[in-house]
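Below: one structure, written as structure tokens.
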Amino acid sequence: MIGWTESGFLAAALMLACSGVMRRFRFYRSLLLGSATLMLISAIYPRRGNVLGQYLFGGLPGTMRLPTDMFGVAWWLLGAWLVNGLLELVLRKTLFPDDNQPHARRLFADLASVLIYVLAIVGIMDTVLKQPISAVLATSGVLAIVLGLALQNTLADVFSGLAINVERSFGAGDWITLLEHVEGQVIQVNWRATRIRTAMNDMIVIPNSVMAKAIVTNHSRLSAPRVIAIELTVTNKIAPARVLAALEEAARGSTGMSPTSGPKAYSAYSLGFSNAVIRYELDFPVDEFTRTASVQSAVVQSVADVFQSRGIPIGAPETSVRILSNEDEAVPLPPPQHPT
């Protein structure tokens, strides 16, 4: 006679198998069918009071006998596979809902898979093969120390990659700049390193331990436009109000700027005076970081055209210097006056 526990496992296996063949659950078919198989193994596995399991695995004289150890190993490995699949599904639905960072999700899933299958192997050694766990743990502990010393740099990169993906200060698709004059788009954050593609289509591979310590400027995360500034000097003979008006007019005539806000020109005290010139700054917004260079070039050309049409010279005024040659007659100095 089949007990209530075995009946529950068989009913759950039947429900999961039926759900797995339905079209509406086709994306979860492998997990549902795997769960149904696990429930079926749990139902027929021999336990105290399980008549079906004792008959199939214990057997009577002259009847078939199923290998208990093989089903035990299959139960542990199938359970580990299901837990691993469920964990990846949870990561996809929670931390990475839009699947826009598959490499980050893969990093978490791979590390979790190692832990899950290690626990499954320990369970197999203890419950199926009946081996002492203390000896296995002692051996694995010594092995872990040796591997930790040999792979300490690699482990530092792995844990730094975890910290980067947990904090998510940058990710795949973001344009970033490092203090080491490295600028480009992040295309992957994997186990060991972060891969960046520059504007020149070069690949830069930076270890995660270095990225975790670096000061990174992310140009893609904030929704507000990026503000670009250019500086120039004009002689102090030109009225500052005239220069500021010309700068803003030139910037408004350029293409590619963000329509959310207009350009703004400054002649601030922090820029100061030097060599009979006044230093000016022009700020203008740009929506996309990738268009910064083209928009800046257009603004510089427009400023040059407007200033030339208005007769405003850029830079320090021209100065005339007279250089005397050796043949020129030296001017005599007046004789010194001695007090009488």
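The values are calculated or read from the model by the stated rules, or taken from the named source; none is laboratory data. Bear in mind that the values here come from a model prediction, so they are computed numbers and not experimental data. Glycine gets a Cβ as well: all are built from the backbone with ideal geometry, and neighbour counts include every protein chain shown.
Couple of notes before you dig in:
- Of the residues making up the stretch 187-203, not one is surrounded by 12 or more Cβ atoms within 10 Å (Cβ to Cβ) and among the acidic types (Asp, Glu).
- Residue in the stretch 212-231 that is assigned by TED's automatic domain parsing to the domain that holds residue 290, under 24 Å from residue 293 (Cα atoms) and more than 34 Å from the chain's Cα centre (by Cα) present: no
- Among the candidates 255, 198, the residue that is closer than 17 Å to residue 291 by Cα, within 32 Å of the chain's Cα centre (by Cα) and touching a residue at least 40 places away in the same chain (Cβ under 8 Å) is uniquely 255.
- Filtered residue count, the stretch 187-232, keeping only those that are out of contact with any helix residue (DSSP H, G or I) (no Cβ under 7 Å at 6 or more places or on another chain) and more than 30 Å from residue 263 (Cβ to Cβ): 13
- The stretch 204-242, subset outside any helix (DSSP H, G or I) and small (Gly, Ala, Ser), residue surrounded by the fewest Cβ atoms within 10 Å (Cβ to Cβ): 223
- Residue that is nearest to residue 208 (Cα to Cα), among those in the stretch 103-114 that are at pLDDT 75 or above and surrounded by 13 or more Cβ atoms within 10 Å (Cβ to Cβ): 112
- The stretch 1-44 - residue that is within 12 Å of residue 78 (Cβ to Cβ) and of a type in the set (Ser, Thr, Tyr) and, of those, surrounded by the most Cβ atoms within 10 Å (Cβ to Cβ): 35
- Here residue 322 meets the list (1) assigned to a helix (DSSP H, G or I); (2) modelled with pLDDT under 80; (3) of a type in the set (D, E, K, R) almost entirely, failing just condition (1).
- Output for the stretch 243-255, where each listed residue is surrounded by 14 or more Cβ atoms within 10 Å (Cβ to Cβ) and of a type in the set (S, T, N, Q): 254
- Every test in (1) touching a Lys or Arg at 6+ places or on another chain (Cβ under 7 Å); (2) modelled with pLDDT of 90 or more is passed by residue 233 save one, and that test is (2).
- Only one of the listed residues (279, 221) is of a type in the set (D, E, K, R) and at pLDDT below 85. That residue is 221.
- The set of residues from the stretch 289-316 being surrounded by 15 or more Cβ atoms within 10 Å (Cβ to Cβ) and either touching a Lys or Arg at 6+ places or on another chain (Cβ under 8 Å) or free of Cβ contacts under 8 Å to residues at least 12 places away in the same chain (or both) comprises 289, 292, 312.
- Some residue of the stretch 162-176 being in contact with a strand residue (DSSP E or B) (Cβ under 9 Å, 6 or more places away or on another chain), modelled with pLDDT of 80 or more, surrounded by 11 or more Cβ atoms within 10 Å (Cβ to Cβ) and assigned to a helix (DSSP H, G or I): yes
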